[in-house]
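Read the figures in this text as sums done on the coordinates, not as results from a lab. None of these values were measured; they are calculated from a predicted model. Positions of Cβ are backbone-derived with ideal geometry, glycine not excepted, and every protein chain shown enters the neighbour counts.
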Amino acid sequence: MTVGYLADACALIVFLATPDPDRTMPNSASLMRTAEIRVSPITVWEITRKAALGKLPSVWAPHASLTALLRSEGFALQPLGWDDAEQANRLPLHHKDPMDRMLIATALRNDLTIITDDAVFAAYGVPTIW
């Protein structure tokens, strides 16, 4: 069985904006370069929203957009389905962030490992790597 990976916002930001992601993400930076890494629309929304509010500098320069950068780097779209959204609302409230809860539900429904440094994800039984 092939392991699928889903990157959270922190993983993408660190991987794309850190000079040495191998040091910061010791177990997943090489995966980010070689494996098929999926990205949810909710993660794109989260990153671009933070940039629009001035809370995060653009991590996609010189590309015109984050989606252009993700496409050029070979990241894959992870569809966000109705069932994922519904399951996110049924999860226990270990994690309060609704965007992360959407990623957790998506990963659980699609047998994905989440690339994250957020230890709370483990409370849901979803595999993580950093």
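Report, in deg cm²/dmol and to the nearest 500, the calculated mean residue ellipticity at 222 nm for the chain, where each DSSP H run with n ≥ 4 adds -39500 (n - 2.57) and the sum is divided by the residue count. It would help to have the intermediate numbers written out before the result.
Details: 7 runs with 60 residues, N = 130.
After summing the helix terms and dividing by the residues of the chain, the value is -13000 deg cm²/dmol.
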inquiry  = Suppose each label sits 7 Å from its Cα in the direction of the beta carbon; what would the Ala85-Arg33 distance come out to in nanometres?
reply    = 3.8 nm
key: the chain: angle of helix 41-52 to the longest principal axis, Cα-based, in degrees nearest 10   = 50 degrees
note = Once Lys and Arg are counted +1 and Asp and Glu -1 for all other residues with Cβ under 12 Å from that of Leu66, the total becomes +1
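Remind me, relative contact order of the range 1-117 in percent, using alpha carbon pairs under 8 angstrom and six or more residues apart?
Numbers: 130 pairs, mean separation 44.9, N = 117.
Result for the range 1-117 is 38 percent.
At a 10 Å Cβ-Cβ cut-off, how would you order Thr18, Thr48, fewest neighbours first?
On the way: Thr18 14, Thr48 17.
So the ranking, lowest neighbour count to highest, is Thr18, Thr48.
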task = Could you work out how far helix 98-110 tilts from the main Cα principal axis of the chain, as a 0 to 90 degree angle to the nearest 10?
result = 70 degrees
